């Protein structure tokens with residue numbers, strides 16, 4: 001998160017790795033209770049620079065992001081969802097990337113003068129954020145299997161076992177050069193016969209925080225975590241064809257589901 | 001029944017059939033067969049996604065062309081007209097996302113949603129796989145809404 005205020009309109013960072021910057025959203029914070037409509041004609045400039053061993057900038061790339069919008073008094077805390085990704089674009093290739101000992105990223109807010117009681121928060125996704133989300137995803141999947149095991153504890157003929165892991169290498173991981181990884185699958189058995197299998201489908205999806213497919217010979221269901229990022233998971237179960245009528249995934253739902261498959 | 005619902009019905013028939021075989025193969029420990037049917041499901045997802053997106057693409061082209069022709073023929077003040085004159089000349093070669101920007105505000109929900117789907121369409125169109133989780137049930141809802149909601 002970068003916070004711009006009336007004193008600070010520029011932020012510079014350096015990194016050893018070639019930078020990729022994903023600007024997620026921008027929030028205007030103000031303490032004014034009542035304020036008039038305002039034409040918000042700002043822009044952000046994003047500059048990447050290669051720094052060589054003599055600490056000199058040898059090549060740069062510059063992009064602009066327009067934030068132009070009309071903010072009315074009804075917007076109590078205006079949020080601009082941007083989801084724009086920036087990376088270094090090499091026009092001439094005079095300098096090889098391995099000659100860059102460091103990379104400098106400068107983000108500057110232009111054409112907007114902030115009052116003393118105002119600030120602008122720029123929410124950024126970086127490599128460590130992606131790593132954190134992958135870790136969180138694996139934990140939520142593992143916790144779900146543990147919880148399912150507990151639910152099945154009262155019914156001795158059923159058990160759950162971890163199965164072959166499934167590969168995970170999603171778009172944001174690729175953009176930030178994060179290595180492919182794996183997520184565990186799991187199978188629910190009744191007396192050594194697989195009834196249903198849990199197969200994690202993906203973490204980054206439109207409108208949710210991850211999806212696990214439940215497959216069986218009698219039909220398939222989908223588990224979707226509808227909670228916000230890094231919040232306590234809220235798994236909902238849906239039939240494969242309908243995303244409108246989901247139910248919270250509970251012990252009762254699980255037992256109903258496995259009994260319908262027999 | 002509209003084209004999206006028709007396509008969804010055919011898609012889910014195939015998807016259910018493949019899932020049942022995938023699950024049976026897993027239960028029997030036939031992991032190669034399980035992987036084969038998982039792959040078939042992925043290709044099925046891609047094919048139907050692409051088919052649905054082309055319907056939306058067609059709608060976006062028609063709407064944006066209508067807007068350009070309307071502005072080109074109706075505006076008289078050159079200060080407003082000049083941009084539309086250029087767009088009119090280039091109307092056969094306007095990239096899809098520029099067309100979307102004529103119909104929805106850049107950076108807002110509908111624009112961002114179309115961009116996300118368009119990126120996936122390009123991946124599939126170039127022989128690659130989805131890079132985000134694509135859920136055909138959600139795609140059907142989104143495509144239907146965008147197709148019928150986008151207006152001039």
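Do you know which residues across the range A:206-262 are under 30 Å from residue B:113 (Cβ atoms) and at pLDDT below 85? Passing the criteria: A:206, A:207, A:219, A:240, A:241, A:242, A:243, A:244, A:245. In the range A:81-107, the qualifying residues are those that are at pLDDT below 85, assigned to a loop (DSSP other than H, G, I, E, B) and touching a strand residue (DSSP E or B) at 6+ places or on another chain (Cβ under 6 Å), and the one that is farthest from the other protein chains (Cβ to nearest Cβ) is A:95. For the range A:112-129, the criterion of being within 18 Å of the chain's Cα centre (by Cα) and in a loop (DSSP other than H, G, I, E, B) is satisfied by at least one residue. Give the residue that is surrounded by the fewest Cβ atoms within 10 Å (Cβ to Cβ), with candidates limited to residues of the range A:139-166 that are in a helix (DSSP H, G or I) and touching a strand residue (DSSP E or B) at 6+ places or on another chain (Cβ under 6 Å). Across the range A:139-166, the extreme among qualifying residues is A:149.
Answer yes or no as to whether residue B:117 is touching a residue at least 12 places away in the same chain (Cβ under 8 Å) and crowded, with 17+ Cβ neighbours inside 10 Å.
It is true that residue B:117 is touching a residue at least 12 places away in the same chain (Cβ under 8 Å) and crowded, with 17+ Cβ neighbours inside 10 Å.
Selection over the range A:210-222 of residues that are surrounded by 22 or more Cβ atoms within 10 Å (Cβ to Cβ) and touching a residue at least 40 places away in the same chain (Cβ under 8 Å) gives a count of 4.
Condition first: farther than 20 Å from residue B:24 by Cβ, in a strand (DSSP E or B) and more than 8 Å from chain B (Cβ to nearest Cβ). Now tell me which residues in the range A:197-216 satisfy that.
A:200, A:208
In the range B:132-152, the residues that are within 12 Å of another protein chain (Cβ to nearest Cβ) and in contact (Cβ under 8 Å) with a residue 40 or more places away in the chain form Cβ pairs under 7 Å with partners that are in a loop (DSSP other than H, G, I, E, B) and surrounded by 16 or more Cβ atoms within 10 Å (Cβ to Cβ), at six or more places apart or across chains, as follows: B:137/A:240; B:137/A:241; B:137/A:243. Evaluating residue A:172 against the criteria (1) within 11 Å of another protein chain (Cβ to nearest Cβ); (2) in contact with a helix residue (DSSP H, G or I) (Cβ under 8 Å, 6 or more places away or on another chain); (3) closer than 23 Å to residue A:258 by Cα leaves one unmet condition, (3). Assess whether residue A:241 counts as being facing chain B (nearest Cβ under 8 Å), under 26 Å from the mean Cα position of the chain (by Cα), crowded, with 16+ Cβ neighbours inside 10 Å and under 29 Å from residue B:129 (Cβ atoms). Yes: the conditions hold for residue A:241.
The values are calculated or read from the model by the stated rules, or taken from the named source; none is laboratory data. Predicted model, so just to flag it, every value in this text is computed and none were measured. Backbone-built Cβ (ideal geometry, glycine too); neighbour counts: all protein chains shown.
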